[in-house]
Amino acid sequence: QLQLVESGGGLVQAGGSLRLSCAASGSTFNIATMDWYRQAPGKQRELVASITSGGITNYTDSAKGRFSISRDNVGKTVYLQMSNLKPEDAAVYYCHSRVYLWENWGQGTRVFVSS
């Protein structure tokens, strides 16, 4: 099991950048697939980006070319670098881990994008 703590959210102007961090504690981080999800008010939670234990990344269409997910296995941290932010990117962003049948969620960090 992993405990996940997100940070880095805040207010940014449209077109700006923000980097989210997710610090993990636990022994299985290195074999976990790590995801970033987001949930905007009144909408379902959606997957934004994923990174496998081997570093293979995947992005939702709206994130491609603007967001970049990365991981530091030594520091047990996963990052989401977001650029060219749009008002529709405003949401609570959640870190999520998957290890075999187990999954864990962080508490979320809120991103505001002003137009």
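Measuring only protein heavy atoms, the 1.4 Å probe finds Asp61 accessible over about 120 Å². When every Cα-Cα distance of the chain is counted in 10 angstrom steps from zero, the calculated P(r) takes the values 15, 50, 29, 5, 0 percent. Phi angles across segment 84-97 convert, under the Karplus curve 6.51 cos²θ - 1.76 cosθ + 1.60 with θ = phi - 60°, into 3J(HN,Hα) values of 6, 5, 10, x, 6, 7, 5, 4, 8, 9, 10, 8, 9, 10 Hz, Gly and Pro given as x. If the chain linking Ser83 and Ser62 were pulled fully straight, counting 0.36 nm for each residue of separation and taking away their Cα-Cα distance, it would gain 6.4 nm.
Only lysines eight or more places from Lys64 in sequence, or on another chain, were considered; those with a Cα closer than 20 Å are Lys86. For the chain, the carbon plus sulfur part of the accessible surface works out to 49%, probe radius 1.4 Å. Per residue, the accessible area of the chain comes to 53 Å², computed with a 1.4 Å probe over protein heavy atoms only. Phi angles of segment 47-57 translate, via the Karplus equation with coefficients 6.51, -1.76, 1.60 and θ = phi - 60°, into HN-Hα couplings of 6, 9, 7, 9, 9, 7, 4, x, x, 6, 10 Hz per residue; Gly and Pro are given as x. With bins 10 Å wide beginning at 0, the percent of Cα pairs of segment 1-65 falling in each bin runs 17, 46, 32, 5.
The values are calculated or read from the model by the stated rules, or taken from the named source; none is laboratory data. It should be emphasised that the depicted structure is a prediction, and the values quoted were computed from it without experimental measurement. Quick note on the areas: whole protein, heavy atoms, side chains included, nothing else; ligands and nucleic acids left out. Shrake-Rupley method; radii C 1.70, N 1.55, O 1.52, S 1.80 Å.
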